[in-house]
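S.K.: Here's a structure for you.
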Amino acid sequence: MFGKVLIANRGEIALRIHRACQEMGVRTVAVHSTADANAMHVRLADESVCIGPPPARDSYLNVPAILSAAAITGADAIHPGYGFLSENAEFAEIVEAHGIAFIGPSPSHIRMMGDKIEAKRTMARLGVPLVPGSDGEVTSVEEAEATARRIGFPVLIKAAAGGGGRGMKVARRVEEVGEAYRVARAEAKAAFGNDAVYMEKYLDRPRHIELQVLADTYGNVVHFGERDCSLQRRHQKLVEEAGSPALDAAARDALGARVTKALAEIGYRNAGTLEFLWQDGQFAFIEMNTRLQVEHPVTEMVCGIDLVREQVRIAAGQKLGYGQEEVRFDGHAIECRITAEDPDTFMPTPGRVHAYHAPGGLGVRVDSALYAGYSVPPHYDSLVAKLVVHGTTRPQALARLKRALDEFVIDGISTTLPLHRRIAEDPEFAAGDYTIHWLERFVARGAA
Ligand code: ADP
């Protein structure tokens, strides 16, 4: 086992990783920008190193500074968390070239899945069903129009290097294809430095259902069931559940068997999530994330497993030590992503938190780096807390969610807590009756 893990991240996920390491008797090194000198992840870590000024490109994305911090502190592994450098294959390569373990998949798999065209090709080859679309990259308006006619409207033009819902444009008629194509390309170029785009049929009422997997370096692959992440705004997840209100155990098992077989075939290792759209009883693969996900806690609550601990164990060369039949699904879990944003306009609301009270009690978990007196800096992602509840049934989890949301106090800054309270009270949400388009309309109704 490692002696010391450097956590190349900040906020709640840095704390999350620290906690898992601490319980394993592994020391931790926090890295931080000057804006985060007083952050909770810095306070709790065994050691900390300042790696640069506030902008992420100078600190949390500053590879030489992070490697120097690992060298100075003698860290033997780096956990990248999510975001920042977590899906940067070159970073993983450099870390390994310095004799430090990267707690994640191999650089080649990060690269393969980071290119969504390559990812889809790979999954198709492995027999995983896809959303119908272009055969790889689309390189001209004419080709985009021809593809749209072939797959049928509406269509979605997507960035090959995409992430965070950016570089995605819908075209509903042939007249809209040219504009959507050009805008998607420009956005992709600006956001990812890569303007390659591809096309998919734009599904009108799918759910977003994803599957959590873990693989060790001995060819053992196990899945931990599905998460339903259909509640999204601008293609970004706000609320997630495990399991999906729409899926039964047989559908989950069938998908799980197919996916674990596919990943074993390519020799995948560590944690990963395969994302699917689910409509009319059919799964269609859209992408794979080669890292820990923000919403991983709902899976942990239902399966009673510590996914970060497993990631660290796998990276240290340990065997999973259990098979698929030992994975149990117990009850239901729901997560709310609480952000420092205005609950109506979604404008970021950084600033000082005057009072902070997190809910507790049976089946309630809060992953947050907030404390009273903390100032949320304006430089980073606006996620400030994840409220996760677990119940033996979905109605019990929902009752617990409402109760916990009522107890939650974050004073001094606006947050999306009021929006989450509204969602939790909604009868359609209570019925589990929603698709990826539901929340957008719900938010619009609230604003009207
Ligand atoms: P990103 O990597 O930017 O998050 P994804 O491919 O994971 O992009 O898609 C993000 C979200 O966009 C999905 O969860 C879904 O809500 C929506 N989406 C993606 N592809 C389609 C599609 N073909 N039809 C309808 N919605 C889609």
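The values are calculated or read from the model by the stated rules, or taken from the named source; none is laboratory data. Note that the structure is predicted; figures quoted are calculated from it, not measured. Neighbour counts run over all protein chains shown; Cβ positions are idealised from the backbone, glycine included. Keep in mind that these areas ignore ligands, DNA and RNA; they rest on the heavy atoms of the full protein, side chains included. Shrake-Rupley method; radii C 1.70, N 1.55, O 1.52, S 1.80 Å.
S.K.: Val302 fails exactly one of the following numbered conditions: (1) in contact with a Lys or Arg (Cβ under 9 Å, 6 or more places away or on another chain); (2) more than 16 Å from the ligand (Cβ to nearest atom); (3) closer than 28 Å to Ala161 by Cβ. What is the number of that condition?
M.R.: Failed condition: (3).
S.K.: Would you please name the residue that is nearest to the ligand (Cβ to nearest atom), looking only at residues in region 152-165 that are over 19 Å from Ser230 (Cβ atoms) and open to solvent by 10 Å² or more (accessible area, probe 1.4 Å)? Walk me through it before giving the result.
M.R.: So in region 152-165, the residues over 19 Å from Ser230 (Cβ atoms) come out as 152-153, 155, 157, 159-161.
From what's left, open to solvent by 10 Å² or more (accessible area, probe 1.4 Å): 152-153, 161.
On the way: Gly152: 12, Phe153: 12, Ala161: 9 Å.
This residue is Ala161.
S.K.: Give me a count of the residues in region 380-423 that are surrounded by fewer than 21 Cβ atoms within 10 Å (Cβ to Cβ) and of a type in the set (Ser, Thr, Tyr).
M.R.: 4
S.K.: Here's something else I'd like to know. If you scan region 99-142, which residues turn out to be among the acidic types (Asp, Glu) and under 24 Å from Asp204 (Cβ atoms)? Don't jump to the end; show me each part of the working.
M.R.: Let us first name the residues in region 99-142 that are among the acidic types (Asp, Glu), namely 115, 118, 135, 137, 142.
Residue satisfying the conditions is Asp135 alone.
S.K.: Follow-up question, since we're still on this one. Please work out if Glu90 is surrounded by fewer than 17 Cβ atoms within 10 Å (Cβ to Cβ), under 23 Å from the mean Cα position of the chain (by Cα) and either outside any loop (DSSP other than H, G, I, E, B) or on the phi < 0 side of the Ramachandran plot (or both).
M.R.: Working: surrounded by fewer than 17 Cβ atoms within 10 Å (Cβ to Cβ): yes; under 23 Å from the mean Cα position of the chain (by Cα): yes; either outside any loop (DSSP other than H, G, I, E, B) or on the phi < 0 side of the Ramachandran plot (or both): yes.
So Glu90 passes the test.
S.K.: Given (1) more than 16 Å from the ligand (Cβ to nearest atom); (2) more than 15 Å from Ala215 (Cα to Cα); (3) touching a residue at least 12 places away in the same chain (Cβ under 8 Å), identify the lone condition not met by Ile266.
M.R.: Looking at each condition in turn, Ile266 falls short on (2).
S.K.: Take region 237-248 and flag every residue that is buried (at least 22 other Cβ atoms within 10 Å of the Cβ) and not in a strand (DSSP E or B).
M.R.: Once the filter is applied, which keeps residues that are buried (at least 22 other Cβ atoms within 10 Å of the Cβ) and not in a strand (DSSP E or B), region 237-248 yields Gly243, Ser244.
S.K.: Which numbered condition trips up Val312, out of (1) closer than 26 Å to Pro132 by Cα; (2) in contact (Cβ under 8 Å) with a residue 40 or more places away in the chain?
M.R.: Failing condition for Val312: (1).
S.K.: Of everything in region 71-83 that's in contact (Cβ under 8 Å) with a residue 40 or more places away in the chain and over 22 Å from Leu214 (Cβ atoms), which residue is most open to solvent (accessible area, probe 1.4 Å)? Talk me through it step by step, then tell me what you get.
M.R.: Pass one, region 71-83, residues in contact (Cβ under 8 Å) with a residue 40 or more places away in the chain: 73-83.
In the following step, the residues that additionally are over 22 Å from Leu214 (Cβ atoms) were identified as 73-75.
Working: Thr73: 15, Gly74: 50, Ala75: 10 Å².
Once the filter is applied, the top-ranked residue is Gly74.
S.K.: Among the numbered conditions (1) within 15 Å of the ligand (Cβ to nearest atom); (2) in a loop (DSSP other than H, G, I, E, B); (3) touching a Gly at 6+ places or on another chain (Cβ under 9 Å), tell me where Asp204 comes up short.
M.R.: So Asp204 meets the others, but not (3).
S.K.: Among the residues of region 207-223, is any open to solvent by 10 Å² or more (accessible area, probe 1.4 Å), of a type in the set (Asp, Glu) and away from the ligand (no atom under 16 Å from the Cβ)?
M.R.: For region 207-223, residues open to solvent by 10 Å² or more (accessible area, probe 1.4 Å), of a type in the set (Asp, Glu) and away from the ligand (no atom under 16 Å from the Cβ): absent.
S.K.: Restrict the check to region 74-83 and report whether at least one residue is aromatic (Phe, Trp, Tyr), at positive phi and within 25 Å of the chain's Cα centre (by Cα). Quick ask: steps written out before the conclusion?
M.R.: To start, the set of residues in region 74-83 that are aromatic (Phe, Trp, Tyr) comprises 82.
Still in the list and also at positive phi: none.
There is no residue in region 74-83 that is aromatic (Phe, Trp, Tyr), at positive phi and within 25 Å of the chain's Cα centre (by Cα).
S.K.: Quickly run through region 272-293 and pick out the residues that are hydrophobic (A, V, I, L, M, F, W, C), open to solvent by 10 Å² or more (accessible area, probe 1.4 Å) and more than 11 Å from the ligand (Cβ to nearest atom).
M.R.: Result: Phe283, single match.
S.K.: Does Arg234 satisfy the condition of being away from the ligand (no atom under 14 Å from the Cβ), under 21 Å from the mean Cα position of the chain (by Cα) and open to solvent by 50 Å² or more (accessible area, probe 1.4 Å)?
M.R.: no
S.K.: Let me ask another. Could you tell me which of the residues Ser48, Ser106, Ser68 is surrounded by fewer than 24 Cβ atoms within 10 Å (Cβ to Cβ) and either aromatic (Phe, Trp, Tyr) or in contact (Cβ under 8 Å) with a residue 60 or more places away in the chain (or both)? So that I can check it myself, show each step before the final result.
M.R.: Working: Ser48 fails: either aromatic (Phe, Trp, Tyr) or in contact (Cβ under 8 Å) with a residue 60 or more places away in the chain (or both); Ser68 fails: either aromatic (Phe, Trp, Tyr) or in contact (Cβ under 8 Å) with a residue 60 or more places away in the chain (or both).
The conditions single out Ser106.
S.K.: Select from region 44-73 the residues that are more than 25 Å from the chain's Cα centre (by Cα) and of a type in the set (D, E, K, R) and list them in ascending order.
M.R.: Once the filter is applied, which keeps residues that are more than 25 Å from the chain's Cα centre (by Cα) and of a type in the set (D, E, K, R), region 44-73 yields Asp46, Glu47.
S.K.: Six or more apart or on different chains, Cβ under 7 Å: which pairs go from a residue in region 230-257 that's farther than 28 Å from Leu126 by Cα to one that's within 13 Å of the ligand (Cβ to nearest atom) and part of a helix (DSSP H, G or I)? Could you list them?
M.R.: Matching pairs, first to second residue: Leu231/Trp438; Leu231/Leu439; Gln232/Leu439; Arg233/Leu439; Arg233/Glu440; Leu238/Leu439.
S.K.: Going by what's in this entry, would Phe283 be described as part of a loop (DSSP other than H, G, I, E, B) and either in contact (Cβ under 8 Å) with a residue 40 or more places away in the chain or in contact with a Ser or Thr (Cβ under 8 Å, 6 or more places away or on another chain) (or both)?
M.R.: Spelling it out, it is not the case that Phe283 is part of a loop (DSSP other than H, G, I, E, B) and either in contact (Cβ under 8 Å) with a residue 40 or more places away in the chain or in contact with a Ser or Thr (Cβ under 8 Å, 6 or more places away or on another chain) (or both).
S.K.: For region 140-151, check the following and say yes or no: at least one residue is touching an Asp or Glu at 6+ places or on another chain (Cβ under 6 Å) and either within 16 Å of Asn194 (Cα to Cα) or buried (at least 18 other Cβ atoms within 10 Å of the Cβ) (or both).
M.R.: Taking region 140-151 as the starting set, the residues that turn out to be touching an Asp or Glu at 6+ places or on another chain (Cβ under 6 Å) are none.
No, the conditions are met nowhere in region 140-151.
S.K.: Determine which member of the set Tyr198, Tyr218 is out of contact with any strand residue (DSSP E or B) (no Cβ under 9 Å at 6 or more places or on another chain) and touching a residue at least 60 places away in the same chain (Cβ under 8 Å). Give the steps one after another, and end with the answer.
M.R.: On the way: Tyr198 fails: out of contact with any strand residue (DSSP E or B) (no Cβ under 9 Å at 6 or more places or on another chain).
Exactly one of Tyr198, Tyr218 is out of contact with any strand residue (DSSP E or B) (no Cβ under 9 Å at 6 or more places or on another chain) and touching a residue at least 60 places away in the same chain (Cβ under 8 Å), namely Tyr218.
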